[in-house]
Amino acid sequence: MNLMVFGAPGAGKGTQAKFLIEKYDIPQISTGDILRAAIAEKTDMGMEAKKFMDEGKLVPDSTIIGIIKDRLAEDDCKSGFILDGYPRTLPQAEALKALMSDMGISLDKVISLNVPDSLIVGRITGRRVCSECGASFHVEFNPSKVEDVCDYCSGKLLIRKDDNVETVKSRLEAYHTQTAPLIAFYTDMGVMLKLDGTKEVAQVTEDMFKAIGA
Ligand code: AP5
């Protein structure tokens, strides 16, 4: 199963991707997580990407496309994967289409989580992220069982550096201008599943599996 979770920042992509991993036992490929790991390791690519991420801007396509090409070639992607946060521009979507065609595989479903901007700021400012496995929680809407401790791996929960009101505004602007056009791209490909992402986490999960036909 080759899947993609799609939506604005804070729409719930990472949250729902965790349920897809459990169900299908395939890896989540989050370009945001890969970039944050590169920043933590202080690689040249990570240091370059950090400048864009701190301002809520998209990292250049050439960097991101190279990351995905390398990642999809890894062994654990052979039985499928869940793309989270990629693609975010039309050139990235075209590059993915060409890459998957070269690999002889295709995209099965794009799960699009629709959440209005008015709900996004509250979601992002209340988010807590696991420092070990990257799982997302929310202090009010999706709390961990034990405060500041991850339900999945017991890692410490932290606030992401770009989870502040100012950065969220630029991330939303980047979403609407550069990423939202991909809705038409994947609708035309016939793989788009549009879900109401404003419902409670468990309800969105149920709707998602029903839409996939699982
Ligand atoms: P990235 O890490 O991908 O961030 P994002 O797209 O901004 O998405 P988020 O991780 O913020 O949100 P999410 O949809 O996963 O929501 P979550 O499930 O956590 O990218 C960061 C940066 O890296 C970008 O700004 C860019 O600079 C760069 N980058 C990454 N990929 C790139 C690319 N392809 N091209 C160029 N640049 C790239 O949920 C959010 C919160 O809401 C959580 O607290 C959660 O608990 C809560 N929540 C989830 N679902 C619900 C619900 N149903 N009801 C109530 N609360 C909910």
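Some points to look at:
- Contacts under 8 angstrom Cβ, first residue in segment 145-168 being over 16 Å from residue 52 (Cβ atoms) and of a type in the set (Phe, Trp, Tyr), partner within 12 Å of the ligand (Cβ to nearest atom) and in a loop (DSSP other than H, G, I, E, B), 6 or more apart: 152/135
- When segment 1-22 is filtered for residues that are surrounded by 15 or more Cβ atoms within 10 Å (Cβ to Cβ), of a type outside the set (A, V, I, L, M) and either assigned to a loop (DSSP other than H, G, I, E, B) or out of contact with any Lys or Arg (no Cβ under 9 Å at 6 or more places or on another chain) (or both), the ones remaining, listed by number, are 9, 10, 12, 13, 14, 15, 16, 18, 19.
- Every pair of residues 6+ apart whose Cβ atoms lie under 6 Å, when the first sits in segment 77-88 and is under 14 Å from residue 24 (Cβ atoms) and among the aliphatic types (A, V, I, L, M) while the second is open to solvent by less than 10 Å² (accessible area, probe 1.4 Å) and assigned to a helix (DSSP H, G or I): 82/17; 82/20
- Residue in segment 141-150 that is of a type in the set (Phe, Trp, Tyr) and at pLDDT 95 or above present: no
- Candidates 47, 103, 53, filtered to the one that is touching a residue at least 24 places away in the same chain (Cβ under 8 Å) and open to solvent by 60 Å² or more (accessible area, probe 1.4 Å): 103
- Residue match in segment 85-102 (condition: over 22 Å from residue 181 (Cβ atoms) and either over 17 Å from the mean Cα position of the chain (by Cα) or more than 7 Å from the ligand (Cβ to nearest atom) (or both)): yes
- For segment 161-194, the set of residues classified as open to solvent by 70 Å² or more (accessible area, probe 1.4 Å), in a loop (DSSP other than H, G, I, E, B) and closer than 13 Å to residue 124 by Cα consists of 161 only.
- Segment 123-160 - residue that is within 8 Å of the ligand (Cβ to nearest atom) and in contact with an Asp or Glu (Cβ under 6 Å, 6 or more places away or on another chain) and, of those, most open to solvent (accessible area, probe 1.4 Å): 127
The values are calculated or read from the model by the stated rules, or taken from the named source; none is laboratory data. The structure displayed is predicted, hence computed values, not measured ones. Methodologically, a virtual Cβ is constructed for each residue, glycine included, from the backbone with ideal geometry; neighbour enumeration extends over all protein chains shown. Side chains are part of the model used for accessible areas, which takes the heavy atoms of the whole protein and leaves out ligands, DNA and RNA. Shrake-Rupley method; radii C 1.70, N 1.55, O 1.52, S 1.80 Å.
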